[in-house]
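The values are calculated or read from the model by the stated rules, or taken from the named source; none is laboratory data. As the structure is a computational prediction, the values presented were derived from the model and not from experiment. FYI the Cβ positions are ideal-geometry reconstructions off the backbone, even for glycines, and counts take in every protein chain you see.
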Amino acid sequence: MRSSILLFYSFVACITSLTKQDCGDDPEDCDVKSLHINSSQDPQDEKEQRGIDQGLLDKLRFFSQFAAASYWPGNTNSTGDLLKCSGDSCPKVPAGNCPDVEKGEYTTISEWKDFAGFDDHGFIAISRSAKLIVLSFRGSGSDRNWAEDFKIDKVHVPEFCKSCHVHHGFWESWRGVSEPVVKLLIRLHYENPNHRVVVVGHSLGGAEAVLAAGDIRNQGPWWTANVELYSYGSPRVGNIETVRFLSQQSTKSYRVTAMQDPIPRMPPAVLGYKHTSPEYWIHSSPDHPGPWDVNILWGYSNPKGVNQFSAADGFHMNSHRHYFGYIPGCDPDPPTDPSVTDIRAKL
């Protein structure tokens, strides 16, 4: 596991250093730290709003707990369980990291791991008292996951738009489970028409959640208007046409980043990857942010949020794991953080 992560960051650091040396004088073409789309490519202004309201902050905190729940194997290896993230299920965080989810008594309708050979983990859970259906994806937790992360070539996705191209590995991971997941969500909505449908994920799971939400919203007008998306520390998912389509598809998407999290800066922008908009950047107190600790940043490569940092600033993986708490705290075998010294030694 450690060697896989180390290799991945070595690759990214190498790409970044090469592009900074070889790109010439135009930073918009080359510099990962400052790259942004010019106005002829992107009609959306790169605006910033400092602070959010308490109600939105509470939603971002609440749905992060479903992302945390996906890391406990007991929530993804059977069906009909109450979601749990405390006590014996989470020895590294004994107090738990999804207390509100546990109180809501969310029962899994479907759980899966390694469904199509990609070592995907996730679940669909429902609370009839809360009138809520949640689809959640786990982040990278194995060498097989990192192999999918490495598939940074793009594949054509005409289901989104004529010119949409997305990350090969992320799309492959989602499509591996998409057919049974979409069928089950349609059935659950038919049986529970007054329930909200929410898609959640962290890290690799965040990228899958972004693509899954786009695919699910394509099922018809109700889905486009109502499916909510909450991603935490998601990497970039596709080209400018893809993120424009996904951003304009719905206003109920919340892409959360934190501090100097390096994962949202990958794959490198110099390879043609962009982000959906807007970004909700937690710039301080990531475990317990207040309303003024979160800024909203519009644009597909806004340089004022997590994009202001580059490989030269280091790889702060601790930032990646802390979103309203220690998200992978229930992972029984979390990956070890690579050090910058180790990475540079590999270059």
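Let's see how each residue does on (1) at pLDDT 95 or above; (2) polar (S, T, N, Q); (3) surrounded by fewer than 24 Cβ atoms within 10 Å (Cβ to Cβ); (4) within 21 Å of GLY169 (Cβ to Cβ):
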{"position": "ARG255", "(1), (2), (3), (4)": "yes, no, no, yes"}
{"position": "ILE263", "(1), (2), (3), (4)": "no, no, no, yes"}
{"position": "LYS274", "(1), (2), (3), (4)": "yes, no, no, yes"}
{"position": "GLU279", "(1), (2), (3), (4)": "yes, no, no, no"}
{"position": "ASP287", "(1), (2), (3), (4)": "yes, no, yes, no"}
{"position": "PRO291", "(1), (2), (3), (4)": "yes, no, yes, no"}
{"position": "ASN295", "(1), (2), (3), (4)": "yes, yes, yes, no"}
{"position": "TRP298", "(1), (2), (3), (4)": "yes, no, yes, no"}
{"position": "SER310", "(1), (2), (3), (4)": "no, yes, yes, no"}
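Looking only at the range 265-287, decide whether some residue is under 15 Å from VAL237 (Cα atoms) and among the aromatic types (Phe, Trp, Tyr). Don't jump to the end; show me each part of the working.
At the first step, the residues of the range 265-287 found to be under 15 Å from VAL237 (Cα atoms) are 265-279.
Next cut, among the aromatic types (Phe, Trp, Tyr) only: 273.
Yes; the residues of the range 265-287 include at least one that is under 15 Å from VAL237 (Cα atoms) and among the aromatic types (Phe, Trp, Tyr).
Quickly run through the range 312-332 and pick out the residues that are surrounded by 24 or more Cβ atoms within 10 Å (Cβ to Cβ), of a type outside the set (Phe, Trp, Tyr) and touching a strand residue (DSSP E or B) at 6+ places or on another chain (Cβ under 6 Å).
Correct list: ILE327 only.
May I ask you to list the residues in the range 182-206 that are crowded, with 23+ Cβ neighbours inside 10 Å and either among the basic types (Lys, Arg) or in contact with a Gly (Cβ under 9 Å, 6 or more places away or on another chain) (or both)?
VAL200, GLY201, HIS202, SER203, LEU204, GLY205, GLY206
Taking strands (runs of 3 or more DSSP E) that do not extend beyond the range 205-319, which have at least 1 residues that are charged (D, E, K, R), closer than 24 Å to GLU48 by Cα and under 12 Å from the mean Cα position of the chain (by Cα)?
Because the criterion is at least 1 residues that are charged (D, E, K, R), closer than 24 Å to GLU48 by Cα and under 12 Å from the mean Cα position of the chain (by Cα), the strands (runs of 3 or more DSSP E) in the range 205-319 that meet it are 253-258, 279-282.
Going by the conditions given, is PRO303 of a type outside the set (Ser, Thr, Tyr) and closer than 21 Å to ILE152 by Cα?
It is false that PRO303 is of a type outside the set (Ser, Thr, Tyr) and closer than 21 Å to ILE152 by Cα.
Do we have any residue at all in the range 215-232 that's polar (S, T, N, Q) and closer than 15 Å to ILE263 by Cα? Step through it out loud before you land on a result.
At the first step, the residues of the range 215-232 found to be polar (S, T, N, Q) are 218-219, 224, 226, 231.
Add one more test, that the residue is closer than 15 Å to ILE263 by Cα, and what stays is 231.
Yes - at least one qualifying residue is present in the range 215-232.
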